[in-house]
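Throughout, read-outs are computed from the coordinates displayed, never taken from laboratory work. Source: prediction; values computed, not measured. Quick reminder, even Gly has a Cβ in these numbers, built from the backbone with ideal geometry, and neighbours come from all protein chains shown.
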Amino acid sequence: MLTPVEIEALRLSLYVATIATIASLPFAIALAYALARRRFPGHALLNAFVHMPLVLPPVVVGYFLLLMFGARGPIGHWLDATLGIRLIFTLKGAALASAVMSFPLMVRAIRLAIEAVDPGLEEAAQTLGARPVDTFRSVTLPLMLPGILSGAVVAFAAGLGEFGATITFVSNIEGETRTLPLAIFTATQTPGGEAVAGRLVAIAFGLAIAMLLASEALARRVERVIGRGPER
Amino acid sequence: MRADASPTRIDVALRRQLGAFRLDVAFAVPGGVTALFGPSGAGKTSIAHAIAGILAPSSGHVRIDGVTMFDGARGIDVPAHARGIGYVFQDARLFPHLTVERNLRFGLERSRGRPHYAAFAPVVELLALGPLLARRPRALSGGERQRVALGRALLGQPRLLILDEPLASLDEGRKGEILPYLTSLRDAYAVPMVYVSHTIDEVVRLATHVVLVAEGRVVATGPVHEIFSRADLRAHTGRRFEASSIVDATVVAHRPEWMLTEVALGDATLTVPAFEAAPGTRLRLRIRAREVALAHSEPVDSSIGGRLSGRIAEIVLRDGPYAEVLVDVGGASVWALVTRYSVDRMALAVGMPIWCLVKTVALDNRLVSPAPPG
């Protein structure tokens, strides 16, 4: 069975990916909607900004996180002083790094889903008396559910594997920020750690396959619920 | 002020540039069913969208029953969700994630504040939607989808119902299935309707008024009989061989032994192939001009079942060998398409008494329908 070190790494990774996914989902939906359906000044700029983590080296993203959310960074200082939240060298910080890194993937998937929703259905909802928020809640949102789901799955998977920004921003602290990929990295750097690394890699494999199967099953179910999949 | 028997209920003036296409229309019509009739690309759907509030005109106004929905000069633009104007789209646009029943209730649940005149059960019954309620839209046929869309829009308790070519996406057989539903909906509920179409059959069967649209402009507005009888509008209302007269007649009696129905048109009697309707029912007949012949005396020894005596009101010489003769037959006007040679040979002249001859078989059930009320 799993050793305490392996369980700890797995637990931290799952925690980081879960928090990162849940916390960034509402922002990703709002941003994806704005990018897909609204035209406003700065549209292209915002789009480029959202995609930055995808094109920058993760270490650079981690560096910027240090600058902004570090103990003396403007946001990090404010969070610590007013809310008592410390992000640097903590698990919450690891979640933030994961969220930032996987955010563009999530926004992209959700945006594609919104663009696939026929605006004619939204028009129909309006002629039936639905206000814009009502239209979004009762028509657009349910129809983009598959996109939200796939966005969340991709972000969760990316969150599990985040390495560069995490190690730069929150370091590699055993029991605090040593997630699965960091634990594998540590093992490979330790003399005689090949066996440990191998077991951790096997865990990562098993996790990936389990997630893939679960997301497929969930996607089929959602498709059926929103009336796209085969009738039972 | 004089009391008007049919006050204006839909008052529309719209201007909008759409790429190279310029929309500039104005019309005012009473309730009933108003057809926006014209060729594809004439701007009919743009007009319908502007009335519903899903396309913003650059100027003009939209008033329904005296309520201003849009007024460019006064800066009024009521959003679509607050207009209370139901819309049946050409492609149905049912919500795929909801069952038929939830689709039907979508507008109903959002219709607070307006008088409720269409209850769920009667609408389901009228449109025969009962067996479909638990299904999803993707499991419906094209015709079923349009029936659900119709019910959904009606259950939103609209003050105006717009039907935008609701039959255009259906094949001929399905159209024939849906038309009777449209007729019974029109007769069961008093909601004014705007019916967008480029098919003369549908317009004649359903509409009370016609707004003739071409190239982004209104060519003419008036009652169906009038618009389709006017020779000067022929270019817009149909090709030469489609020229028709629209007349309303009353069912007098049925002749089941011959499978015929007798109808009264003014003082005269016509026979049509058996049409199921109680005596006294008003029917609308579309008589094709090319199916009408003229004679100086009543041809009592002929097979022709429809013999209408009248006077020539107008003679219009057409291109080629053709001429159209308008005959006033006591309360109705009937066009006859004959040759110019016949006009000359028979020495036809305006004011002359004449017999109009209509073969019974020319009035098949596709050309006979219940007349709109009022």
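If you take the square roots of the eigenvalues of the alpha-carbon gyration tensor of the stretch A:108-165 and sort them as a ≥ b ≥ c, do you get rounded (a/c under 1.5), prolate (a/b over b/c) or oblate?
It is prolate, given that a/c is not under 1.5 and a/b is the larger ratio.
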Discussion item. Need one value for B:78-86: mean number of C-beta atoms belonging to other chains within 10 Å of its residues' C-beta atoms.
Written reply: 4
Worksheet entry | Largest to smallest principal axis extent of the C-alpha atoms in the stretch B:36-90, angstrom | 33, 21, 18
Discussion item. Rounded to two decimals, what is the ratio between the C-alpha radius of gyration of the stretch B:93-141 and 2.2 N^0.38 Å?
Written reply: 1.18
Discussion item. Charges at C-beta only: +1 for Lys and Arg, -1 for Asp and Glu. How large is the resulting dipole of the protein assembly as shown about its Cα centre, in Debye rounded to 20?
Written reply: 820 debye
Worksheet item: In terms of Cα to Cα distance under 14 Å, which aspartates and glutamates are near enough to B:Lys44, apart from those fewer than 8 places away along the same chain?
Response: B:Asp24, B:Asp164, B:Glu165, B:Glu215
Worksheet item: In bins 20 Å wide, starting from 0, what share of all Cα pairs of chain B does each bin hold, as a percent?
Response: 27, 53, 20, 1
Response to the item:
Sorted by chain and then number, the residues having a modelled amide H within less than 5 Å of the amide H of B:Val252, at least 5 places away or on another chain, are B:Glu262, B:Val263, B:Ala264, B:Gly280
Worksheet item: Expressed as an acute angle from 0 to 90° and rounded to the nearest 10, what is the orientation of the C-alpha long axis of helix A:4-37 relative to the principal long axis of chain A?
Response: 30 degrees
Discussion item. Just to check I understand the Karplus step: with θ = phi - 60° and J = 6.51 cos²θ - 1.76 cosθ + 1.60, what whole-Hz values come out for the stretch B:20-35, glycine and proline as x?
Written reply: 7, 8, 10, 9, 8, 10, 8, 7, 9, 9, x, x, x, 9, 9, 8
Practice prompt. Starting at the first residue of the stretch B:46-56, write each ³J(HN,Hα) from the Karplus equation 6.51 cos²θ - 1.76 cosθ + 1.60 with θ = phi - 60°, in whole Hz, x for Gly and Pro.
Written response: 4, 4, 4, 4, 5, 5, 6, x, 9, 9, 8
Worksheet entry | Segments B:31-41, B:251-261, B:133-143 sorted - mean Cβ within 10 Å per residue, highest first | B:31-41, B:133-143, B:251-261
Fill in: Prolate/oblate/rounded label for the stretch B:154-293 (Cα gyration tensor, a/c 1.5)
oblate
Worksheet item: Of all the C-alpha pairs in the stretch A:26-92, what % are more than 17 Å from each other?
Response: 58 percent
Worksheet item: Given a Förster distance of 25 angstrom, what is the FRET efficiency for A:Val201 paired with A:Leu56, based on the Cβ-Cβ distance and rounded to 0.05?
Response: 0.40
Discussion item. Which residue, A:Leu66, B:Trp258, A:Ala217, has the largest displacement toward the positive end of the dipole of the protein assembly as shown when charges sit on each Cβ (Lys, Arg +1; Asp, Glu -1)?
Written reply: A:Leu66
Worksheet item: Hey, got the dipole for the stretch A:1-103? About the Cα centre, +1 on K and R Cβ, -1 on D and E Cβ, debye to the nearest 20?
Response: 400 debye
Worksheet item: Among B:341-352, A:20-31, B:104-115, B:197-208, what's the highest-first ranking by average C-beta atoms within 10 angstrom per residue?
Response: B:197-208, A:20-31, B:104-115, B:341-352
Practice prompt. Within 10 Å, count the other beta carbons around each residue, average over each peptide in B:165-177, B:309-321, and list them highest first.
Written response: B:165-177, B:309-321
Worksheet item: Per 5 Å bin, what percent of the C-alpha pairs of chain A does each bin hold, from zero upward?
Response: 1, 7, 12, 15, 16, 14, 12, 10, 7, 4, 2, 1, 0, 0
Response to the item:
Under the rule rounded for a/c under 1.5, else prolate if a/b exceeds b/c, else oblate, using alpha carbon gyration tensor axes a ≥ b ≥ c, the stretch B:129-177 is classed as oblate
Discussion item. Can you give the local net charge around B:Val292? Use residues other than it whose beta-carbon is closer than 13 angstrom to its beta-carbon, Lys and Arg +1, Asp and Glu -1.
Written reply: +3
Item to complete: Give me the Debye-computed log₁₀ of I(q)/I(0) at q = 0.14, 0.26, 0.28 Å⁻¹ for the stretch A:165-232, equal point scatterers on Cα only, no solvent, two decimals.
Response: -0.60, -1.07, -1.12
Response to the item:
Any residue on another chain or 5+ positions along whose placed amide H is under 5 Å from the amide H of B:Ala214 is listed here as B:Val219
Worksheet item: Measuring from the lowest to the highest alpha carbon on each principal axis, how far does the protein assembly as shown reach, largest first, in angstroms?
Response: 120, 55, 48
Worksheet item: What does the convex hull of the alpha-carbon atoms of the stretch B:101-199 project to on average, in nm²?
Response: 6.1 nm²
Worksheet item: Rounded to a whole number, what is D in µm²/s for the stretch B:302-348 from Stokes-Einstein with the Kirkwood radius over alpha-carbon pairs (37 °C, 0.692 mPa s)?
Response: 288 µm²/s
